[in-house]
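No lab work stands behind these numbers, since they all come straight from the coordinates. Please read all numbers here as calculations on a predicted model, not as lab measurements. All Cβ positions, glycine included, derive from the backbone under ideal geometry; neighbour counts span all protein chains shown.
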Ligand code: ADP
Ligand code: 5GP
């Protein structure tokens, strides 16, 4: 069986990552999603275990000391990390898995898994990003300010990624993301098991 692929999705807060991923999973229900462990407070619209496991700082630091995280980072005062085991098991089972992380997390993953495919989600403009964050209404003004400051630093590192998608027209951005997944599955090295089995059955 061919191994699965890890797809890294990053982009500043408010760029539309969650919105795009909801649509992507409708097109590709076979994709796995890596549930991050985080220490920030839960938002009203969030359910534990859906996108995030909400844990204490102590529990998080325990995971760090046991080397249970593929990567982790502190973002606006809270820990965010990717548990290693589910990612490794998906890839070994031939399943593609999506990991949504910030730019620091992405660079940690690339060092460990250089074959990972990374996608950066861009807002059409900084102004639009600001408006979307304000309209979303999930954060206080202070937190939005901190997120917008991080946004500029993150966009400055978009060139570390394989692909960039501008999330202006949502349907177009969803198609772009879905196309990246589909095209990656056509790589010759992702079909090596089939190639080998055809050759072996003839001999
Ligand atoms: P992120 O997960 O990157 O923080 P969200 O998916 O929460 O971003 O999107 C931020 C806000 O922008 C949400 O209110 C969402 O409904 C809105 N949004 C996302 N994509 C678009 C788009 N293409 N056009 C207009 N609004 C959008
Ligand atoms: P939010 O608090 O808006 O849900 O997420 C804030 C930031 O943390 C986003 O940039 C998001 O991509 C990033 N993030 C989410 N999960 C992880 C994770 O497991 N690891 C890292 N490094 N960043 C994450």
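Each row is one residue, and each column tells you yes or no for (1) within 16 Å of ligand 1 (Cβ to nearest atom); (2) surrounded by 18 or more Cβ atoms within 10 Å (Cβ to Cβ).
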position	(1), (2)
85	no, no
89	no, no
95	no, no
99	yes, yes
102	yes, yes
105	yes, yes
121	yes, yes
129	yes, yes
135	yes, no
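Within the stretch 6-25, if we keep just the residues that are part of a helix (DSSP H, G or I) and out of contact with any strand residue (DSSP E or B) (no Cβ under 6 Å at 6 or more places or on another chain), the residue that is nearest to ligand 2 (Cβ to nearest atom) turns out to be 18. Scanning the stretch 33-70 for residues that are part of a loop (DSSP other than H, G, I, E, B) and more than 16 Å from ligand 1 (Cβ to nearest atom) yields a total of 8. Listed conditions (1) within 12 Å of ligand 2 (Cβ to nearest atom); (2) under 22 Å from residue 60 (Cα atoms); (3) in contact (Cβ under 8 Å) with a residue 24 or more places away in the chain are all met by residue 112, apart from (1).
Looking at the stretch 71-87, can you tell me whether even one residue there is free of Cβ contacts under 8 Å to residues at least 24 places away in the same chain and in a helix (DSSP H, G or I)? Looking for residues that are free of Cβ contacts under 8 Å to residues at least 24 places away in the same chain and in a helix (DSSP H, G or I), one finds at least one in the stretch 71-87, hence yes. In the condition set (1) outside any helix (DSSP H, G or I); (2) in contact (Cβ under 8 Å) with a residue 40 or more places away in the chain; (3) surrounded by 16 or more Cβ atoms within 10 Å (Cβ to Cβ), residue 2 is compliant with all but (3). Note on the stretch 133-147: among residues that are more than 11 Å from ligand 2 (Cβ to nearest atom) and outside any helix (DSSP H, G or I), the one that is nearest to residue 45 (Cα to Cα) is 137.
When each of 51, 112, 47, 66 is tested for being touching a strand residue (DSSP E or B) at 6+ places or on another chain (Cβ under 9 Å) and over 24 Å from residue 149 (Cβ atoms), the lone residue that passes is 112. Of the residues making up the stretch 33-53, just one is crowded, with 17+ Cβ neighbours inside 10 Å and more than 15 Å from the chain's Cα centre (by Cα), namely 39. Number of residues in the stretch 151-174 that are under 17 Å from the mean Cα position of the chain (by Cα), surrounded by 12 or more Cβ atoms within 10 Å (Cβ to Cβ) and in a helix (DSSP H, G or I) equals 7.
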